[in-house]
Amino acid sequence: MTQGSQNSIYISGMPGTGKTATVREVMQQLEKTSELPPFFVIEVNGMRLASPELAYPLIWQEISGERGVSPKRAGKSIPAHFLKNDPSRKFCVLVVDELDYMVTRSQQVLYNIFDWPSYAASKLIVIGIANTMDLPERLHARVASRMGKLRLVFKPYTREQVQAILMGRIGALGNMDQNAVRMIAMKIAGSSGDIRRALEICKRALLIAARKVSDSEKDAVVLEISHAQEAIKETMESPLCEAVKELGLLEKMFLIAISCELHAKGKEEAELAAVKKRYQGFCNKTFSESKQNIKELDDVCGPEFIETMLQRLVSDGIISRKQVKAYDEHFLSLHHIGSVHDIATLLQKDEVAKTYFPTEIMQYHTA
């Protein structure tokens, strides 16, 4: 901004690693400084849009104050606004969260959004946020070129970082055993690194602690290790977690196939085609060892059986499924459960997990 330039940046990282919260905090701090020219922030969340084109009216409303404008009209008004050379106009920071939900076959909306900063008079900076690190590489070359080269990756929180955040958020109460906080931090850092889950476990632990004292002692509640242990146990014994434990053999194999693909690629989403290939490999090994006939193998590896099983896992809330029309491909994730490590924890006593999960993961959870 100080140089009067425009640009774009893409921010990625695992869920719960503070991407959106950090951007908001930085914007709030920058708004307080007098060293930058005046600017305003527009936030759009791709997951909340029924279609990507609906981003146009939201953006135009923030720019002009005009409500109820059609996507078509807004889509024409926005570039006209940024093309106009107006020295008195404030800088605009456009934050597009859940960017991957706006990917379509044509990718026209994404192209337009990242093209606007290239206008000489735009005074526009676009910040794209998504979980998927390699999203730009998945996009059309013309879109990826408009996104530029500025990238920022948020890594999962370490135990020390989780512990520091928890103490900063709720440690001011002065009634927490640091060993209890350390236990929760170790649990989260060893799985997803999702700070939101850590805070949820702390909240649950505090409620457990409060239940165990009389009303007159509520102000003196102390969060102890036993409360943390109980909260972690409750988290791992939720109805959803119990549903995972009760899955049939083939469903567990499919879930492990998703987990293995996520672990192998180091991503938050797995391509359905790659998961199917892993699952079919698991079936081949299982059926050959049990000497079941080839017809049964063909049945459980067939597209109809896999689709039915997939729909059941999605409807039960165990996995999520997203279609990216641009690639005519489906992507699967474990966001409802947490992470690959959470699946390994739930199935650590299961023979199918011991057989197909990578050794380094199972060693961690059975140590």
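The values are calculated or read from the model by the stated rules, or taken from the named source; none is laboratory data. Remember, predicted model here, so these are calculated numbers, not experimental data. Reconstructed Cβ throughout: ideal geometry from the backbone, glycine too, with neighbour counts over all protein chains shown.
Candidates are the residues of segment 215-234 that are modelled with pLDDT of 75 or more and among the β-branched types (Val, Ile, Thr); the one that is surrounded by the most Cβ atoms within 10 Å (Cβ to Cβ) is Ile232.
Quick check on my filter: what residues within segment 56-65 are surrounded by 13 or more Cβ atoms within 10 Å (Cβ to Cβ), out of contact with any Gly (no Cβ under 6 Å at 6 or more places or on another chain) and either closer than 17 Å to Ala120 by Cβ or not β-branched (Val, Ile, Thr) (or both)? Pro57, Leu58, Trp60, Gln61, Glu62, Ser64, listed by residue number. In segment 78-101, which residue that is touching a Pro at 6+ places or on another chain (Cβ under 9 Å) and at pLDDT 90 or above is nearest to Met14 (Cα to Cα)? Restricting to residues being touching a Pro at 6+ places or on another chain (Cβ under 9 Å) and at pLDDT 90 or above, the top hit is Leu94. A Cβ distance below 6 Å, combined with a sequence gap of six or more or placement on separate chains, defines the contacts here; from segment 29-56, residues that are under 28 Å from Tyr101 (Cα atoms) reach residues that are among the charged types (D, E, K, R) and surrounded by fewer than 18 Cβ atoms within 10 Å (Cβ to Cβ) in the pairs Phe39/Lys90; Phe40/Lys90; Ile42/Glu62; Asn45/Glu98; Gly46/Glu98; Met47/Glu98. Scanning segment 201-214 for residues that are in a loop (DSSP other than H, G, I, E, B) and modelled with pLDDT of 85 or more gives no hits.
Annotation note: of Glu261, Glu307, Glu271, the sole residue that is at pLDDT 80 or above, within 30 Å of Leu110 (Cβ to Cβ), in contact with a Phe, Trp or Tyr (Cβ under 8 Å, 6 or more places away or on another chain) and of a type in the set (D, E, K, R) is Glu271. For segment 135-170, residues that are of a type in the set (S, T, N, Q) and in contact with a strand residue (DSSP E or B) (Cβ under 8 Å, 6 or more places away or on another chain) total 0. When segment 196-213 is filtered for residues that are surrounded by fewer than 18 Cβ atoms within 10 Å (Cβ to Cβ) and either touching a residue at least 40 places away in the same chain (Cβ under 8 Å) or touching a strand residue (DSSP E or B) at 6+ places or on another chain (Cβ under 8 Å) (or both), only Arg196 remains.
Listed here are the residues, each with its yes/no results for (1) of a type in the set (A, V, I, L, M); (2) at positive phi; (3) crowded, with 19+ Cβ neighbours inside 10 Å.
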| residue | (1), (2), (3) |
| --- | --- |
| Pro87 | no, no, no |
| Glu98 | no, yes, no |
| Leu110 | yes, no, yes |
| Phe114 | no, no, yes |
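Entry remark, segment 336-367: residues being at pLDDT below 80, surrounded by 18 or more Cβ atoms within 10 Å (Cβ to Cβ) and not in a helix (DSSP H, G or I) number 3 in total. Considering the conditions (1) within 17 Å of Lys267 (Cβ to Cβ); (2) hydroxyl-bearing (Ser, Thr, Tyr); (3) free of Cβ contacts under 8 Å to residues at least 60 places away in the same chain, Ser145 is excluded by exactly one of them, (1). Residues that are within 29 Å of Glu35 (Cα to Cα) and among the hydroxyl-bearing types (Ser, Thr, Tyr) were ranked within segment 52-98; the one that is nearest to the chain's Cα centre (by Cα) is Ser64. Does Lys76 satisfy the criteria of being farther than 24 Å from Met27 by Cβ and assigned by TED's automatic domain parsing to the domain that holds Gly13? It is true that Lys76 is farther than 24 Å from Met27 by Cβ and assigned by TED's automatic domain parsing to the domain that holds Gly13. When the criteria are applied in full, Arg146 fails the requirement of being over 22 Å from Phe91 (Cα atoms) and buried (at least 16 other Cβ atoms within 10 Å of the Cβ).
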